[in-house]
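Asker: A single structure is presented below for examination.
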Amino acid sequence: MATSAGLSARVGPVPFKDVEDAGDMVTAVPERPSEEHVGLVSALPCCTVAGMSNMKLRCYQGFWMQEGLVPAAAALQRRFEPRPSDVIVASLPKCGTTWLVALAFATLARRAYPPGAADHPLRRLNPHQCLPFLEGLFAGGREGKLDALPSPRLMNTHMPLAMIPGAVPADGAGGGCRVVYICREPKDMVVSQWHYFRRVYPDLAFGEAVDMACDGTMPWGPFWDHVLGYWRASAARPESVLFLRYEELLRDPAGNVRRLARFVGLPFSAAEEEDGVVRGIVELCSLDSLRGMEANKAGYVDPRIKFPREALFRKGVADDWKSHMTPEMARRMDGVAADKLRATGLAFP
Ligand code: A3P
């Protein structure tokens, strides 16, 4: 493990697992709030997801989350101190987070770790082990670990933008950092969620997953408010928030990796282009490549809720909803999305 003194001499991002060797707990989120927060949490509106062993979600400032996460959301809002060079990868679960995490790490760390290197961290670690997961750290009171990381720090969150106000300050205010958000066609997000959740909660009916999304009562939901928070910020401050779509990444991964690199202030040089660095990053982070790594074939994303890492790499296509949803389900989801996103300039065609 690197020491803090050793770390300060390095340039970020460094693989988080190498400096915070807490096993897989880097992504762990507590199921229940600690004793001191029970009062705050139990006063909030509650809903349970029957098919997920009656998982309790609480509505905190308009967003539903596992109750163990509420204190983390409050702490993030109060205490997160971004550095100007920070980059935060944000998303709703099952919208391409793992892919973007891998691409962002490979892009930002390419000088220390060329994509073709045999010892590249993505060849020995799951992509999520390379980045600190903000709510996991804040939930466990371990956010001090962030202070020791060299700049630029690359971090990951599913929290809505409203919970990390320091990241993109209000108009005119200074400070803040850069945020890269990925969204996905909501019907495909639901299909992906259902397949993933079922690995741990086999009783979750597909209709229940659709209901959660349409009612807004899904973890980190409602999806429309989550997406709109980042969408509006990207329109107001395009230099602070890069808004990506999973489907666009599928269509043109290299073009989007170049956008990402420009956005974080590390555009590819002509020499790098000639050396095929962009192609190398895209190949290293492709679904087949990541799926084939030993680190992604075994183990769990979160050792508490035993989601297998290999479940992060399923089909990786657009429009899978067509083979899962009844026409009525699809109409309902489209109706909710159209209604909630009306006049925002954002649509899912
Ligand atoms: P599907 O379940 O539709 O296949 P997340 O990382 O946010 O949990 O998202 C998971 C989704 O991204 C899954 O979608 C998964 O297959 C897909 N995915 C993971 N890695 C990918 C990659 N390298 N390229 C394309 N899609 C990927």
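The values are calculated or read from the model by the stated rules, or taken from the named source; none is laboratory data. Computed from a predicted model, the values in this text were never measured in an experiment. Every residue, glycine as well, gets a Cβ built from its backbone with ideal geometry; the counts of neighbours run over all protein chains shown.
Asker: So Val191 passes all but one of these: (1) surrounded by 19 or more Cβ atoms within 10 Å (Cβ to Cβ); (2) more than 25 Å from Lys56 (Cα to Cα); (3) in contact with a Phe, Trp or Tyr (Cβ under 6 Å, 6 or more places away or on another chain). Which condition number does it fail?
Answerer: (2)
Asker: Let me ask another. Taking the conditions exactly as written (outside any strand (DSSP E or B), away from the ligand (no atom under 16 Å from the Cβ), at pLDDT 95 or above and crowded, with 22+ Cβ neighbours inside 10 Å), does Pro114 satisfy them or not?
Answerer: no
Asker: For the condition assigned to a helix (DSSP H, G or I), touching a helix residue (DSSP H, G or I) at 6+ places or on another chain (Cβ under 8 Å) and surrounded by fewer than 17 Cβ atoms within 10 Å (Cβ to Cβ), what is the one hit in Gly229, Gly207?
Answerer: Gly207
Asker: Of everything in region 129-145, what is more than 17 Å from the chain's Cα centre (by Cα), closer than 16 Å to Arg78 by Cβ and in a helix (DSSP H, G or I)? Give them in sequence order.
Answerer: Once the filter is applied, which keeps residues that are more than 17 Å from the chain's Cα centre (by Cα), closer than 16 Å to Arg78 by Cβ and in a helix (DSSP H, G or I), region 129-145 yields Glu143, Gly144.
Asker: Any residue in region 162-176 that is away from the ligand (no atom under 16 Å from the Cβ), in a helix (DSSP H, G or I) and within 17 Å of Lys340 (Cβ to Cβ)?
Answerer: Checking region 162-176: at least one residue is away from the ligand (no atom under 16 Å from the Cβ), in a helix (DSSP H, G or I) and within 17 Å of Lys340 (Cβ to Cβ).
Asker: What's the number of the condition Leu108 fails, among (1) in contact with a strand residue (DSSP E or B) (Cβ under 6 Å, 6 or more places away or on another chain); (2) surrounded by 24 or more Cβ atoms within 10 Å (Cβ to Cβ); (3) more than 24 Å from Phe223 (Cα to Cα)?
Answerer: Condition not satisfied by Leu108: (2).
Asker: On the basis of being within 16 Å of the ligand (Cβ to nearest atom), modelled with pLDDT of 95 or more and farther than 19 Å from Gly221 by Cα, does Leu100 make the cut?
Answerer: yes
Asker: Follow-up question, since we're still on this one. How many residues, within region 164-186, are farther than 30 Å from Trp321 by Cα and either polar (S, T, N, Q) or in contact (Cβ under 8 Å) with a residue 24 or more places away in the chain (or both)?
Answerer: Matching residues across region 164-186 total 10.
Asker: Residues Phe307, Phe348, Phe313: which one is within 16 Å of the ligand (Cβ to nearest atom) and touching a strand residue (DSSP E or B) at 6+ places or on another chain (Cβ under 8 Å)?
Answerer: Phe307
Asker: Being among the small types (Gly, Ala, Ser), within 13 Å of the ligand (Cβ to nearest atom) and touching a residue at least 24 places away in the same chain (Cβ under 8 Å) narrows it down to one residue among Ser192, Ser151; which is it?
Answerer: Ser192
Asker: Just one of the numbered conditions (1) modelled with pLDDT of 95 or more; (2) away from the ligand (no atom under 13 Å from the Cβ); (3) assigned to a helix (DSSP H, G or I) is not true of Val179; which one?
Answerer: (3)
Asker: On to the next question. For the list (1) within 16 Å of the ligand (Cβ to nearest atom); (2) under 15 Å from the mean Cα position of the chain (by Cα), I need the number of the one condition that Lys187 fails.
Answerer: Just one mismatch for Lys187, condition (2).
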